[in-house]
Amino acid sequence: MAADLKSFLAALGRGAHLAAEVVHTQQIPPRPAHYAEPNPPLAADLARALAGQGVQRLYSHQAAALELVRAGRDAVVATPTASGKSLVYTLPVLERLAADPEAKALFLFPLKALEQDQLTAINGLAQAAGLGPVAEIYDGDTPPGLRRRLRQKPPPVLISNPDMVHAAVCAFPQAWDRFLGQLRFLVIDEVHTYRGVFGSHVAQVLRRLLRLAAARGSRPCFVLSSATIANPGQHARALTGREFAPEQVVSLCGAPAAGRSFVLVNPIGAASTTASYLLAQAVKSGLATICFTKSRLHTELIHAWVTRSHPELAGLIAGYRAGFLPEERRQIEADLAAGRLAGVVTTSALEMGIDIGGLDLCILVGYPGSQINTWQRGGRVGRAGRHSAVFMVARPDALDQWLISHPAEFFARPVEAAVLDADNQPIVAQHLLCAAAEEPLSVHDEFFDLSRHQEALAQLSAAGDLLLSAEGDRYFTPFKQPQRRVDLRGAGESMAILGPQGQVVGSLDGVRAYKEGYPGAIYLHKGRSYQVQALDLEHRKVSVRPVRADYYTHARSEKETEILEETGRRPVANFLLRQGRLKVTEVVTGYERRRISGGDLLGVYPLELPPLTFETHGLWLDIEDALRKEVERAGRHFMGSIHALEHAAISMFPLFALCDRDDIGGISIPLHPQTGKAAVFIYDGVPGGVGLAEQGYAVIEELLARVEELLDTCACEAGCPACVFSPKCGSGNKPLDKQGALLLTRLLLGKQELAAAPAGPVPEVISPAAPTARSGRMRYGVLDLETQRLAEEVGGWNNTHLMRVSVAVLYDSQRDEYVPYSEKEVPALLKRLQELELVVGFNLLRFDYGVLSAYTTQDLGRLPTLDLLLEVQGVLGHRLSLDALAGATLGAAKSADGLQAVAWWRAGNLRDLAAYCRHDVELTHELFCFGQREGHLIYERKDGNRLRVPVCWAWPALRERRSHE
Ligand SMILES: [Zn+2]
Ligand SMILES: [Zn+2]
């Protein structure tokens, strides 16, 4: 152990203040190195270049990956932080480039800072190996001129990120023909970060990329790297769509690691106070220290506290988080790497492998939410074989407290699985549109298994967003750039934070702006306070001015939930557990001001903001009146009980699913209008859901058992932050009844008997009303008419009522006949129309009924009508002529036009006129029958492609529609 760290730990042990707070110290033993020689050995130039960087031998995992990739096999390497992962993908690629200078590789990183780091590393090694600089970055910061050059003459290694692949590569496949055709490697770093909604999106982007490459004759090899996760092979498969056999998953790490002390601290005061103390002492002792917080606010607060109480450290410690300007972040990274900064307070933003130099000490303020993140953050420390230390400072949060009082379980807990749902229908739907816009999508597509996406396809087709070719083999989309409407990170568009002179201070993503950027909110940035003056949702900007404030702000909100669809239910002991699609509406009603030191409530201020609405997946517990009465009989507060139960369940949720409590939302309601009883809802906090509630649905018994244990063992009397208080409660943690929640949990689980209720008579069963709609054919007619005058003669198409009927023809399904009507017979026609169950025609509502309206006071628009023109327009968004539709669908054409019809009328040629009119009715009738039979019509697009227009005209569907009109 280095002398300074040793003396630091010893000094802390002596300091009575902290010693009382240390509850456990775990020694993590050092890990020995395992080397391996690849067979055949590395090319001499490359081996020499590596030796020049001090790498004499390869670690076993590096050699294993190299051999796999040489054999053309995909590989995923899941090893801890700082295990030399970049060589895992750099070596095979450089080796290939030496042999095949035309080969191309795409390297994807989840963060821009990582791109910069790797650019330097790869080019350094390539130059030393005599290959010259091989890599260039293509991302949002690349200037347009350079972008063009990179597209026309792509470098051997293109460094980018998934967002750019989505918006700039896949969206313009022709511009990348050469690159895609020569793409040999797809390198993806930090694949464990591609989980949840973002992971589901990236999985679809990769399928689109592979598809475009395949169309150009290439099948790139995947080289993936990950932090240690439970399921690297399965995750790699979900992400890429390719199979990974066990030997393609390299998870034995050959890199050595020095020993580490892992110290669990349960502070007497606030966790942030203890963390600030540790940070200041460590930096003063000359230890390079990183302090991870759970929120941007706490990053700012701890930075402010340390530098205010120790002004001499101000230049040595920085805050770091998303929302800083990119140049601010690059500067901090460089200062850390160069040792100009001795400490940094950061959110998860510095968790990944950005090179910030060697560190001695890591402070985790609160449990990072998962084992993956805990070990990854803790893995940032330790350099050159020197002992290091990790402090986890528990917060007064139920989960933190549970873990810190179960250290054996904490250190034995396995790392979690990374979860992404590659079949998430709303996400797949967005990418099917992108894929179809990039190249028409075959129904037998190799990369998108359409048989798994029937639901998404049906919805897209019905909306006209995806249209099948006339042959039924390929899908097209009418959209030019559907990529622009897809938000991969699901964060909403970001908003700029502008200072009084209009200068950019920082940024907030969409949802965050709504909850943190309201007028009056305090925005903390690099230790300075700004007050929000205005939130401009339309122009996406937040105006702030600097203020001196000793408080921070926290939004208060009200939430409602509507059940859109129930997708599952199961009985559990004394309740019914249900899950389904929910619509959640949240309104920020005001905000609290709390003192920066101590967090005391200073006041509550009302706000008026528009509601925020999203759809998601959730589970809910139906709580029967009998349980409610039992809780009330015991003298407990029922609303307080369900509310406390909701909070406790959400706080324990991360034990069962890979998430943070902030990823989960909850609502408790004593009487839900849809269920007619009390309910506790727990739902995925992101639109569309990421499968968290589904996991909760599967393990509700275990989750409630943990809740019971928590409520039972917490030493507090009436609830505290370690059990039922929630830091993000929208109603200020009121009302909460901890004892009531404990009773309710036991009642729900059947661990406490329900008082016997008088059973009474068996209630009568009310049978549902018999369906009224009959099935089978409807009595229908198909109508068309010709006019005596042209539109231009009566002042335009607004005056169709002045055009007068020359002849009308009605196909009558009851008579199975085409019946002509002269102008004199129009009353008979109108009478017959009233008797039909459905009138079918083409442009009936705007034209034929307009002409007929001159003969009746009835509102013809109320007739049960199926207007084929409107049906097609509803799908395509534009009009089509009967001629075009009949031509493409039936191969038939109209025999004349309206002009000719008026001419025949004037010449007294009623025979040709009636025949022409009848012909149009026949065409319309055939289109209707075709649509009924096939479920679509066909039209020809301007580019010559013949596409299907989906229609839903089966008799039951038409009857259903009529009953709604
Ligand atoms: Zn408590
Ligand atoms: Zn609450």
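If you go through the stretch 289-313 and keep only what is assigned to a loop (DSSP other than H, G, I, E, B) and either buried (at least 24 other Cβ atoms within 10 Å of the Cβ) or at positive phi (or both), you end up with just T293. Pick from the stretch 728-739 the residues that are more than 27 Å from the chain's Cα centre (by Cα) and not basic (K, R): which of them is farthest from ligand 2 (Cβ to nearest atom)? Per the criteria, the residue is Q739.
Against the test of being modelled with pLDDT of 90 or more, in a helix (DSSP H, G or I) and more than 31 Å from the chain's Cα centre (by Cα), the options L264, L279 yield a single qualifying residue, L279. Considering T228, T240, which residue is touching a residue at least 60 places away in the same chain (Cβ under 8 Å), under 18 Å from V419 (Cβ atoms) and over 22 Å from the mean Cα position of the chain (by Cα)? None of the other options fit; the residue is T228. Within the bounds of the stretch 871-887, is there any residue that is touching a helix residue (DSSP H, G or I) at 6+ places or on another chain (Cβ under 6 Å), outside the structural domain of A436 (by TED's automatic domain parsing), closer than 26 Å to V819 by Cβ and not in a strand (DSSP E or B)? Yes, some residue in the stretch 871-887 is touching a helix residue (DSSP H, G or I) at 6+ places or on another chain (Cβ under 6 Å), outside the structural domain of A436 (by TED's automatic domain parsing), closer than 26 Å to V819 by Cβ and not in a strand (DSSP E or B). Picking from L87, L12, L5, which residue would you name as being in contact with a helix residue (DSSP H, G or I) (Cβ under 6 Å, 6 or more places away or on another chain) and within 22 Å of L287 (Cα to Cα)? It is L12.
Flag set for E646, criterion: away from ligand 1 (no atom under 14 Å from the Cβ), more than 30 Å from N231 (Cα to Cα) and part of a helix (DSSP H, G or I). Looking for something within 16 Å of ligand 1 (Cβ to nearest atom), in the same structural domain as L619 (by TED's automatic domain parsing), in a loop (DSSP other than H, G, I, E, B) and surrounded by fewer than 22 Cβ atoms within 10 Å (Cβ to Cβ) - is there at least one such residue anywhere in the stretch 676-697? Looking through the stretch 676-697, none of the residues is within 16 Å of ligand 1 (Cβ to nearest atom), in the same structural domain as L619 (by TED's automatic domain parsing), in a loop (DSSP other than H, G, I, E, B) and surrounded by fewer than 22 Cβ atoms within 10 Å (Cβ to Cβ). Considering the stretch 282-299, the residues that are modelled with pLDDT under 90 and charged (D, E, K, R) include one that is farthest from G315 (Cα to Cα), namely K294. Scanning the stretch 857-869 for residues that are free of Cβ contacts under 8 Å to residues at least 40 places away in the same chain and crowded, with 16+ Cβ neighbours inside 10 Å yields L860, L863, T865, D867, L869. Of all residues in the stretch 578-587 being surrounded by fewer than 21 Cβ atoms within 10 Å (Cβ to Cβ) and not charged (D, E, K, R), which is nearest to T675 (Cα to Cα)? Result: G580.
Residue count for the stretch 709-727 satisfying the condition of being crowded, with 19+ Cβ neighbours inside 10 Å and more than 15 Å from ligand 2 (Cβ to nearest atom): 4.
The C-beta contact set for the stretch 305-319 (first residue of a type in the set (F, W, Y), second residue outside any helix (DSSP H, G or I), distance under 9 angstrom, 6+ apart or interchain) comprises W305/I596; W305/S597.
With respect to A549, is the statement that it is assigned to a loop (DSSP other than H, G, I, E, B), among the hydrophobic types (A, V, I, L, M, F, W, C) and either outside the structural domain of L301 (by TED's automatic domain parsing) or over 29 Å from the mean Cα position of the chain (by Cα) (or both) true? For A549, the condition - assigned to a loop (DSSP other than H, G, I, E, B), among the hydrophobic types (A, V, I, L, M, F, W, C) and either outside the structural domain of L301 (by TED's automatic domain parsing) or over 29 Å from the mean Cα position of the chain (by Cα) (or both) - is met. Taking the listed residues Y697, Y683, the one that is within 25 Å of P426 (Cα to Cα), under 29 Å from the mean Cα position of the chain (by Cα), more than 16 Å from ligand 2 (Cβ to nearest atom) and hydroxyl-bearing (S, T, Y) is Y697, with no other qualifying.
Among the residues here, L316 qualifies as closer than 22 Å to L9 by Cβ, touching a helix residue (DSSP H, G or I) at 6+ places or on another chain (Cβ under 7 Å) and surrounded by fewer than 21 Cβ atoms within 10 Å (Cβ to Cβ).
Scanning the stretch 935-951 for residues that are in contact with a helix residue (DSSP H, G or I) (Cβ under 7 Å, 6 or more places away or on another chain) and not basic (K, R) turns up L937, I938, Y939, E940, V949, P950, V951. K751 meets all of the listed conditions (1) within 16 Å of ligand 1 (Cβ to nearest atom); (2) assigned to a loop (DSSP other than H, G, I, E, B) but one, namely (1). When E416 is tested against the conditions (1) crowded, with 19+ Cβ neighbours inside 10 Å; (2) at pLDDT 90 or above; (3) more than 26 Å from P267 (Cα to Cα), the lone failure is (2).
Taking the stretch 412-457 as the range and being in contact with a strand residue (DSSP E or B) (Cβ under 8 Å, 6 or more places away or on another chain) and either small (G, A, S) or in the same structural domain as V202 (by TED's automatic domain parsing) (or both) as the test, the residues that pass are A418, A435, A436, S442. All of (1) within 30 Å of D177 (Cα to Cα); (2) part of a helix (DSSP H, G or I); (3) modelled with pLDDT of 85 or more hold for P426 with one exception: (3). The set of residues from the stretch 889-905 being surrounded by fewer than 19 Cβ atoms within 10 Å (Cβ to Cβ) and either within 23 Å of A463 (Cβ to Cβ) or free of Cβ contacts under 8 Å to residues at least 60 places away in the same chain (or both) comprises L890, G891, A892, A893, K894, S895, A896, D897, Q900, A903.
Check the stretch 213-221 and report whether any residue there is buried (at least 20 other Cβ atoms within 10 Å of the Cβ) and under 26 Å from I354 (Cα atoms). Yes: the stretch 213-221 contains one or more residues that are buried (at least 20 other Cβ atoms within 10 Å of the Cβ) and under 26 Å from I354 (Cα atoms). Listed by first and then second residue, the pairs linking a residue in the stretch 668-694 that is without any contact (Cβ under 8 Å) to a residue 40 or more places away in the chain and within 25 Å of F638 (Cα to Cα) to a residue that is part of a loop (DSSP other than H, G, I, E, B) and more than 16 Å from ligand 1 (Cβ to nearest atom), with Cβ atoms under 8 Å apart and 6 or more places separating them unless they lie on different chains, are L671/K677. When the criteria are applied in full, L947 fails the requirement of being touching a residue at least 40 places away in the same chain (Cβ under 8 Å), surrounded by 15 or more Cβ atoms within 10 Å (Cβ to Cβ) and part of a helix (DSSP H, G or I).
Of the residues in the stretch 624-632, not one is within 16 Å of ligand 2 (Cβ to nearest atom) and crowded, with 21+ Cβ neighbours inside 10 Å. Annotation note: Cβ proximity below 6 Å between a residue of the stretch 606-621 that is under 24 Å from A678 (Cα atoms) and a residue that is among the small types (G, A, S) and buried (at least 17 other Cβ atoms within 10 Å of the Cβ) (sequence gap 6+ or interchain) occurs for T616/G689; H617/G689; H617/A693; G618/A693; L619/A693; L619/G696; W620/A679.
The values are calculated or read from the model by the stated rules, or taken from the named source; none is laboratory data. Only a predicted model underlies this, so the values are computations on that prediction, with no experimental measurement involved. Glycine also receives a Cβ, built like all others from the backbone with ideal geometry; neighbour counts cover every protein chain displayed.
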